[in-house]
1. Mind checking the full-extension length gain between His171 and Ile39? Use 0.36 nm per residue of separation minus the Cα-Cα distance, one decimal, nm.
2. Net charge near Glu51: determine it from the other residues with C-beta under 13 Å of the C-beta of Glu51, scoring Lys and Arg +1 and Asp and Glu -1.
3. Taking the highest mean first, how do the peptides 58-68, 80-90 order by number of other beta carbon atoms within 10 angstrom per residue?
4. Quick one: accessible area per residue over region 43-186, 1.4 Å probe, rounded to a whole number of Å²?
5. What FRET efficiency would be calculated for the residue pair Ala119, Lys151, taking the C-beta separation as r and a Förster radius of 45 Å, to the nearest 0.05?
6. Taking the simple approach of a point 7 Å from Cα along Cα-to-Cβ for both Thr162 and Lys102, what is their distance in nm?
7. Please tell me which of these pairs span more than 32 angstrom C-alpha to C-alpha: Lys88/Lys144; Lys102/Lys160; Lys38/Lys134?
8. Compute the length gained on full extension between Lys7 and Gln49: take 0.36 nm times their separation in residues and subtract their Cα-Cα distance, giving the result in nm to one decimal.
Amino acid sequence: MKNKSVKRRIFSRFLSIALVFAMSVCLLLPINVKAAKKITLTQNLFSDQLEDIEPTVSTITKTGKYSIITTKNEAGNFCGFLKFVAPKTKTYTITAGPIKGKKKDFIFGSVEFFVPGDATRLAGTTVKLKKSTKNHFMMIATKKYSNSEKKRVGTIKLRKGTQLYMYFQFHQGNKSSACTTTLKIK
């Protein structure tokens, strides 16, 4: 009887040590969570001149999910350019929104799409929206308002190396000094 009791205690201690070891390994290993990459846009008012835009534009060259942060300028708007360089020829799906500011702060605006028109200027380009026809911008807001939605999805066909300029411009946001927009490109 004593022999079984000793064996049971040894087994119990061995099992306890093994569980502690397993838990320690689980806690020490890094957990891979794919978070959105944060990009803070430099404030600039709209210009279709590439020489005005290029020094301040943020560039992305990969598809994925991005958290776009725009800060309020002197005029009270949140605005800035982002450039996407297409890694391959295909039809890209672009999802813009939702917009987030401070709690209960209403923010609305658009993401406009441009490509280089010539060596010095931008030209508007169209994106096929899911809920309407083609347009050169996506209207989004913190809540449904007029033609704005919380989130918009559109598609655009780009050739490898094509530069797509996106101009983020949002208004209101009396309480917010910055707003964040989710942008997904796939």
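The values are calculated or read from the model by the stated rules, or taken from the named source; none is laboratory data. What you see is a predicted model; the values in this text were computed from it and never measured. Cβ coordinates were reconstructed from backbone atoms using ideal geometry, including for glycine residues, and neighbour counts include every protein chain displayed. Keep in mind that these areas ignore ligands, DNA and RNA; they rest on the heavy atoms of the full protein, side chains included. Shrake-Rupley method; radii C 1.70, N 1.55, O 1.52, S 1.80 Å.
1. Stretched out fully, the His171 to Ile39 stretch lengthens by 45.6 nm.
2. Taking every other residue near Glu51 into account, the sum is -3.
3. 80-90, 58-68
4. That works out to 52 Å² for each residue.
5. Values: r = 35 Å, r/R0 = 0.79.
Approximately 0.80, to the nearest 0.05.
6. Those two pseudo-labels are separated by 4.1 nm.
7. Working: Lys88/Lys144 34 Å; Lys102/Lys160 38 Å; Lys38/Lys134 29 Å.
Over 32 Å apart, Cα to Cα: Lys88/Lys144; Lys102/Lys160.
8. Numbers: separation 42, 0.36 × 42 = 15.12 nm, distance 8.19 nm.
Stretched out fully, the Lys7 to Gln49 stretch lengthens by 6.9 nm.
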